[in-house]
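Trainee: Below is one structure. I have some questions about it.
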Amino acid sequence: MKFIEKILLVIAVVLFAANVSAEIRDAESSSHSDEAAQYVIESVYEGPGFRVIQFKLGVLSHFSYILESDGRALMIDPGRDVATYLDYAKKNGLEWAGTFLTHSHADFVAGHREMAHATGSPIYVSHLSGDLFPHLAVRDGDKIEVGKSLVKIIETPGHTPDGLCALVSSAKEPEKGHYLFTGDTLFVGSVGRPDLMGGSYSAAELAGMIFDTWNNKLAKLPDSVVILPAHGAGSLCGANLGDEPSSTIGQERVSNNYLKLADNRSAFISAVIGGLTDAPAYFRENARINREGPEIVDWNNPLGAKVESIDGLTLNSDVYIIDVRDEKAHSDGHIRGSINIALRGRMENWTGTIVPFKARVILRGSETQVLEAARRLKRVGYNADYLAFDLVFKDIATPMTDPKALYEKMNRKNAPVIVDVRLPSEWLGMRIGEVLNLPLNQLEQLARNRLNPGDEIVAVCNSAFRSSIAVGLLERAGFSKVSSMKGGGEAWVEAGLPTVKVNATKSSQSEKEESFTNLGLPEIVSAAEVLRIVKDLPGTVEIIDIRPAEQVSEYNPLQARAVALAELIESQTWLVGDVPLLITDRDGSIALMAAGIVSQKTRRQIKVLRGGIEEVWRESFGNSTGVKATPVEPLNAPQPKVAPADHSPSPVPAQTKKKKNAGC
């Protein structure tokens, strides 16, 4: 290895080490912030005579949209608390044309009836939905006029039998689609999961419908059509969703790992239904509520009954006291068996995952906290009572365990039992030592069979959000000596304590654990080898070029895909694939650093092109190896004139926002 390459790899290692604490964060960490609990404008997309406003609700990984044109507005897939949408329309002088639902949502209670109640405008749903509330049924080919824009309905069954997409065009050019509201049919990097129907259809049947929907309908749309999904990364409505707010049909055609199997029905179905995590039980209840028509909420008074005494409540298995304070306040003093689902995280999802839908929910916290929690739980169909704010409790304390103190205990004979409550995939990827994995969504049931109630138990996750929840669940299961590791895995890494990962090259019976300081490095390949692969073995390697997109379009001898450096490092899209990933740039320097970072995040084989595109240019004219490549034009050669391409408008972000990591 050349000296400069060694130096660059050292730099890559340093950059990676600086981001290890970020690596151990949850996939959902970026949505754990105050802003993530509110509807915010994620992006604004411009079209000929119309605009699309994209709203994001981070705690549910939910995207909703307003299509506005000529003073009219159509709401698409709203959340239940609709005040943000109504305020936007009022400030911009918009008149409501109606509300459109892409399908019967399961992961949240939709705001269709709230919109109709507030605006008097109609609700558009599929004629196959079976909805019981007043609505206008639409079917394949129907059109909804919104000012100077036109919305064409496309029936796209798969995620649900009543799934719809909606293609937006200018009324002047109705056959030229620009944007596609895809709901849960097609996500960035994924497709909707087909196992939420509760027995009316098998998952394989619905996965087959997704296969047909893509091949017979969506794949026939122009590559330039921008897709606008209902969910992003962190949603349980699909697997391996990308974090980007939008994509295009063309991008998904080449990068979506499910769609890469679009020519093999059996392989596609197997990929879609394989590896799905269990959906929370509340999904089925939310789907029922959405079909029947959610009741209208008094958002100014979302609380149920005031509870003046906890006598008998803590022993009732059908009662869940949810403590919405932060984990430190909970550890300092809490009602034994209460569940600490803090407001800072995905409170809605975790309540729905842990608490049976028909159980009684009682909130504990300050008045401000309890009001916010009650409103947010309405989003997933839960009605909450609350403990009187002046009530005095016989609290117990469960001091959090410091990472360094825990590490010292782990090296003694009388070490506590350490329970990692993250998902198995997280536990397999990185952990703090020989620890037991009992996922949080199964913890209360598994603990009784796997653990000794008399042992000291320390729960760990990535930032103490989930492990603090685990304390209450273990107490409900009869355990008394439980605590949570302070700061979680992030604090562990920041303290310089060792972590381990599984070497994916070993068999499951002989897994070898390695310290993260023992870094696997990307393979450096020559231009001659890459040109030979491209010519003789096309499709056996995926190539991305991290030069500016305009430079890639000017000279792209490897037919690489242009990918921004930030996207390569931050997105999980490139971490999976059936073939090696080759990274290149102008001279190989930045690509080498990027490959060094990416290779630590994935079991996928990562390669980097030595010398970059400049070396490909030199190799293209032949060298001492005798390898000849297809002649190419010089970098500064004049380009032939071509007719202007027919481009649809590109997404225009409303603002550049730095993603926050504040979560579990």
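The values are calculated or read from the model by the stated rules, or taken from the named source; none is laboratory data. Since the structure is predicted, the reported quantities are computational estimates derived from the model, not experimental observations. Counting neighbours? That spans all protein chains shown, and the Cβs are built from the backbone with ideal geometry, glycine included.
Trainee: Give me the helices (runs of 4 or more DSSP H) completely within region 401-473, filtered to those with at least 2 residues that are within 27 Å of the chain's Cα centre (by Cα) and not assigned by TED's automatic domain parsing to the domain that holds Pro356, ordered by residue number. Reasoning before the result, please.
Mentor: Details: elements: 403-410, 424-429, 443-450.
Here the list reads 424-429, 443-450.
Trainee: Ok, one more. Can you find a residue in region 8-24 that is under 30 Å from Arg376 (Cα atoms) and either at pLDDT 55 or above or part of a loop (DSSP other than H, G, I, E, B) (or both)?
Mentor: yes
Trainee: From the list Asp195, Asp223, Asp243, which one is in a loop (DSSP other than H, G, I, E, B), under 23 Å from Asp140 (Cα atoms) and either touching an Asp or Glu at 6+ places or on another chain (Cβ under 7 Å) or not small (Gly, Ala, Ser) (or both)?
Mentor: None of the other options fit; the residue is Asp223.
Trainee: Of the residues Ile362, Ile339, Ile335, only one is under 16 Å from Arg466 (Cβ atoms) and among the aliphatic types (A, V, I, L, M); which? Reasoning before the result, please.
Mentor: Details: Ile362 fails: under 16 Å from Arg466 (Cβ atoms); Ile335 fails: under 16 Å from Arg466 (Cβ atoms).
Of the residues listed, the single one that is under 16 Å from Arg466 (Cβ atoms) and among the aliphatic types (A, V, I, L, M) is Ile339.
Trainee: State yes or no: is Arg346 touching a Leu at 6+ places or on another chain (Cβ under 6 Å), buried (at least 24 other Cβ atoms within 10 Å of the Cβ) and not assigned by TED's automatic domain parsing to the domain that holds Ala477?
Mentor: Values: touching a Leu at 6+ places or on another chain (Cβ under 6 Å): no; buried (at least 24 other Cβ atoms within 10 Å of the Cβ): yes; not assigned by TED's automatic domain parsing to the domain that holds Ala477: yes.
Against the criterion (touching a Leu at 6+ places or on another chain (Cβ under 6 Å), buried (at least 24 other Cβ atoms within 10 Å of the Cβ) and not assigned by TED's automatic domain parsing to the domain that holds Ala477), Arg346 does not qualify.
Trainee: Give the residues of region 236-291 that are without any contact (Cβ under 8 Å) to a residue 24 or more places away in the chain and aliphatic (A, V, I, L, M), sorted by residue number.
Mentor: Within region 236-291, Leu261, Ala267, Ala271 meet the criteria.
Trainee: Of Leu558, Leu575, which residue is within 20 Å of the chain's Cα centre (by Cα) and either of a type in the set (A, V, I, L, M, F, W, C) or farther than 16 Å from Gln251 by Cβ (or both)?
Mentor: Details: Leu558 fails: within 20 Å of the chain's Cα centre (by Cα).
Only one candidate passes the filter, namely Leu575.
Trainee: Sticking with this one: Among the numbered criteria (1) touching a Phe, Trp or Tyr at 6+ places or on another chain (Cβ under 9 Å); (2) part of a loop (DSSP other than H, G, I, E, B); (3) among the aliphatic types (A, V, I, L, M), which one does Leu391 miss?
Mentor: Here Leu391 clears every test but (1).
Trainee: Considering Asp107, Asp70, which residue is closer than 19 Å to Glu348 by Cα and not hydrophobic (A, V, I, L, M, F, W, C)?
Mentor: Just a single option satisfies the conditions, and that option is Asp107.
Trainee: On the given criteria, is Thr84 surrounded by fewer than 23 Cβ atoms within 10 Å (Cβ to Cβ), of a type in the set (S, T, N, Q) and not in a strand (DSSP E or B)?
Mentor: The answer is yes for Thr84.
Trainee: In region 486-506, which residue that is touching an Asp or Glu at 6+ places or on another chain (Cβ under 8 Å) and modelled with pLDDT of 90 or more is farthest from Lys413 (Cα to Cα)?
Mentor: Gly487
Trainee: Take region 358-381 and flag every residue that is part of a loop (DSSP other than H, G, I, E, B) and either surrounded by 18 or more Cβ atoms within 10 Å (Cβ to Cβ) or at pLDDT 95 or above (or both).
Mentor: Ala359, Gly365, Ser366, Arg379, Val380, Gly381
Trainee: Going through Gly147, Gly79 one at a time, which residue ends up being touching a residue at least 12 places away in the same chain (Cβ under 8 Å), small (Gly, Ala, Ser), touching a strand residue (DSSP E or B) at 6+ places or on another chain (Cβ under 8 Å) and under 30 Å from Trp350 (Cβ atoms)?
Mentor: Exactly one of Gly147, Gly79 is touching a residue at least 12 places away in the same chain (Cβ under 8 Å), small (Gly, Ala, Ser), touching a strand residue (DSSP E or B) at 6+ places or on another chain (Cβ under 8 Å) and under 30 Å from Trp350 (Cβ atoms), namely Gly79.
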